Amino acid sequence: MKNAKAQFWSIDVIFSIVIFTVALTLLAYTWYNINNQLALSYSDGSTVMSIQAFTMSGTLMTPGYPINWQDDVNLSDNANWNEISIGLLKNGSDQISNSKLYTFIAMANSNYQATKTSLGASYNYYIVIRGSGINIKIGRNPALYNATSVVRQTSSAMLNNMQVSVIVETWTNGNLAVD
């Protein structure tokens, strides 16, 4: 009779250990997958944000498309803004065109979201042109919007025959994951 009780108890323990092991394995598998998905999402988002900052900086350091795009911009109607590429330089020069710069500032102040398309940005942007006595800011300052991730790209150019740094920041205050 004692042997029967011991065998019954052994089966309960073995069954419990099997259930516990299966549950622990499922939990570890789920945790591993969730952790990998988050790592991939954040990694891809960071990479995309870096690429956008680099691309945007490079695009701004061109004359844009068409070359005289600032003449085609209607500030009261942004329908054609997605047909232009915003570049700030004069054609064949490293000089920033004042008319392109002022048009871009007016566009950003008029309809920030529409300018993101012309810049090829899906994240928010903030551009600072800084030099001796020059401090021009375009877009949304990440510090004012509690940005959680910011990527910065810096280029050099000339503005009114003065050396300036063009700092392009792409940023988000949400999830980095790319849809």
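The values are calculated or read from the model by the stated rules, or taken from the named source; none is laboratory data. Just so we're clear, the structure is a prediction, and the values are computed from it rather than from any experiment. For neighbour counting, all protein chains shown are included, and Cβ atoms are generated from backbone atoms with ideal geometry for every residue, glycine included. In case anyone asks, the SASA skips ligands and DNA or RNA and just uses the protein heavy atoms, side chains included. Shrake-Rupley method; radii C 1.70, N 1.55, O 1.52, S 1.80 Å.
Ranking request for peptides 102-112, 16-26: highest mean number of other beta-carbon atoms within 10 Å first, then the rest in descending order.
102-112, 16-26
Is the shape of region 43-172 best called rounded, prolate or oblate, per the rule: a/c under 1.5 gives rounded, else a/b larger than b/c gives prolate, else oblate, with a ≥ b ≥ c the square roots of the Cα gyration tensor eigenvalues?
It comes out oblate by the Cα gyration axes.
Applying 1/(1 + (r/R0)^6) with R0 = 45 Å to the Cβ-Cβ distance of Phe20 and Asp71, what FRET efficiency is obtained, to the nearest 0.05?
0.05
Quick one: length gained pulling Asp12 to Leu144 fully straight, 0.36 nm per residue minus the C-alpha distance?
Here the segment from Asp12 to Leu144 would lengthen by 41.4 nm.
How large, in percent, is the carbon and sulfur part of the accessible surface of region 59-123 at a probe radius of 1.4 Å?
Percent of accessible area from carbon and sulfur atoms in region 59-123: 44.
Suppose all protein chains stay in the model; what accessible area per residue would a 1.4 Å probe give for region 98-179, in Å²?
Counting only protein heavy atoms, the per-residue value for region 98-179 is 49 Å².
When only the heavy atoms of the protein chains count and the probe is 1.4 Å, how do Tyr123, Tyr145 rank by accessible area, highest first?
The ranking, largest first, comes out as Tyr145, Tyr123.
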